[in-house]
């Protein structure tokens, strides 16, 4: 493990403008720099680099952080790998704690699996290019598919001879352990090569290491499967891997879209034609882990499959999972008898992209049209379509998107909007109750949430959900912002109270009413640091071990606006007051009052709820609550007056 002192040394040495500048063309803009965001496709620069804070922030996609975070996001590597990347750049020798013998052995075992796979990939490629059988069978097959030699080498394609133990013998000669070869599925339990008489496809992980293989049979044998794959190992989990992701990740970010196809050759053919933002699910249904892998680079998926019935069903598998991850999913069906590989070779990349753009359909729209076509004029089957589409829409987490789908699909289905909303809400309630059962939470009564019986439709509960208040998170975020930015500054001229101490003294009694766990965590941690006599600084939170806290710090400390120095340099116009970010004592006062006003309103409401359930004749229980109500309202009215607000009674 890398020592904290070494991580701090890297943090101190790494300059955000230099780190980002290696990947992004930056232009100075006042005290900061700006450029086109490397994390999403944009035409106007919204990516901001702040050297003073040593952080970056994109005001388009929301990405933010310090140099280590930038490397993690851009190169898609772990925290330790990002630290090592920067240490190498700044020539810093990292100090690490000694690993135990067991840890070293485990790491060496993992490293050896990668080394053996790399050896196997090179072995298969040598067999492809340097043997008569490889050239006549394997290389001939790839060239018939239109693959150029540089493409074959780039993707690590190869050939496995019909040799009982050729790879095993070569591995032993290199000194590799037979048990490890067996674990990787390269050799069978009977000491025979697993892949024989097949063209080979190397499967890479996100960092480009070979983690598995797929082999396509060349001999015509109906008893043998067309493709066989490596077994799952410590470095290969099929459900977490997408073929081609290593070669596609940069283009996916650039175009803010991932093209999803079915086969290995589809990926290679499109990539060779210049369409590089493409991956394959390798013939399996999409899994949650694969969807989340795509989501690391984009929220937009375009599924491209064959236009036959099997292709349509394959395209629809995993649909609910993608929608549940709030992904934008479109579907393109190719002409009959065509797959992505054959079609792009027939029409070329430009016509292929035009076809994708023109024929792409929103997945919910596509499913609706498909089901209606299958149902025909049968009223029973058409009624079933409503339930199926409602089930799909209910998987969408974003209430605004759900509402839009309700409006569109109810018109296509020809049903009343209230009926459509009722069906969706019924399914939402079912999923909510399942979740609460798993969490051990008592589900609300039917009057508390979604209706269990069809109501007379008055308003749109889906829109109502979107318009519901998110509580006091805006005010809580402002408090967190002040504390991160200026918690250690002196609140008063006598230097007896810091901003953090002032804020805590005034909000300690309402901290349990915070809506956001993150903002509450930050406030509580700051007070713990104050009590321990530790420094409170923005840099501490920018380099915080918690990813969410780092993201929050980078976000609240960056603004899309800044004061132009030209006012002073050219026009001799000077500010006659502090900048807003430096006016922390007044900002703290106003923020505390606004937060307390809202929290006191919540406490008053809770107190009223308690009063309602008490028998009105029970004076002994009611009296303390009435006195508390009066006290709370007096506090509320005072705060409102100080803020110049009117309280509606």
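The values are calculated or read from the model by the stated rules, or taken from the named source; none is laboratory data. None of the values given here were measured: they were computed from a predicted structure. Glycine also receives a Cβ, built like all others from the backbone with ideal geometry; neighbour counts cover every protein chain displayed.
Of note:
- From 124, 159, 129, residue being over 30 Å from the mean Cα position of the chain (by Cα), in the same structural domain as residue 182 (by TED's automatic domain parsing), closer than 30 Å to residue 180 by Cα and part of a strand (DSSP E or B): 159
- Residue 279 falls short on exactly one of the conditions (1) free of Cβ contacts under 8 Å to residues at least 40 places away in the same chain; (2) more than 30 Å from residue 42 (Cβ to Cβ); (3) in contact with a strand residue (DSSP E or B) (Cβ under 9 Å, 6 or more places away or on another chain), and that condition is (2).
- Scan the stretch 540-549 for residues that are in a helix (DSSP H, G or I) and either modelled with pLDDT under 80 or under 21 Å from the mean Cα position of the chain (by Cα) (or both) and the total you get is 4.
- For the stretch 370-377, the condition of being touching a helix residue (DSSP H, G or I) at 6+ places or on another chain (Cβ under 6 Å), modelled with pLDDT under 85 and closer than 15 Å to residue 319 by Cβ holds for at least one residue.
- Top-ranked residue of the stretch 21-39 - restricted to ones that are free of Cβ contacts under 8 Å to residues at least 60 places away in the same chain, in a loop (DSSP other than H, G, I, E, B) and touching a strand residue (DSSP E or B) at 6+ places or on another chain (Cβ under 7 Å), ranked as nearest to residue 71 (Cα to Cα): 24
- Scoring residue 439 on the criteria (1) modelled with pLDDT under 60; (2) over 31 Å from the mean Cα position of the chain (by Cα) leaves a single failure, condition (2).
- The one condition in (1) buried (at least 19 other Cβ atoms within 10 Å of the Cβ); (2) modelled with pLDDT under 90; (3) under 21 Å from the mean Cα position of the chain (by Cα) that residue 26 fails to fulfil: (3)
- Residue that is farthest from the chain's Cα centre (by Cα), among those in the stretch 591-609 that are free of Cβ contacts under 8 Å to residues at least 60 places away in the same chain and surrounded by 14 or more Cβ atoms within 10 Å (Cβ to Cβ): 607
- Search result, residues across the stretch 182-191 that are within 39 Å of the chain's Cα centre (by Cα), closer than 15 Å to residue 162 by Cα and part of a loop (DSSP other than H, G, I, E, B): 186, 188
- Residue under evaluation residue 72, criteria (1) without any contact (Cβ under 8 Å) to a residue 40 or more places away in the chain; (2) buried (at least 16 other Cβ atoms within 10 Å of the Cβ); (3) more than 24 Å from the chain's Cα centre (by Cα); (4) not in a strand (DSSP E or B), criterion not met: (3)
- Failed item in (1) under 18 Å from residue 211 (Cβ atoms); (2) at pLDDT 95 or above, with residue 142 passing the rest: (1)
- The one condition in (1) surrounded by 19 or more Cβ atoms within 10 Å (Cβ to Cβ); (2) within 39 Å of the chain's Cα centre (by Cα); (3) more than 23 Å from residue 6 (Cβ to Cβ) that residue 82 fails to fulfil: (3)
- Test: residue in the stretch 334-350 that is in the same structural domain as residue 257 (by TED's automatic domain parsing), within 14 Å of residue 269 (Cα to Cα) and in contact with a strand residue (DSSP E or B) (Cβ under 7 Å, 6 or more places away or on another chain): yes
- Some residue of the stretch 519-533 being assigned to a loop (DSSP other than H, G, I, E, B), without any contact (Cβ under 8 Å) to a residue 12 or more places away in the chain and more than 31 Å from the chain's Cα centre (by Cα): yes
- Matching option when the condition is touching a strand residue (DSSP E or B) at 6+ places or on another chain (Cβ under 7 Å) and either farther than 20 Å from residue 246 by Cβ or loosely packed, with under 15 Cβ neighbours inside 10 Å (or both), among 124, 201, 129, 194: 194
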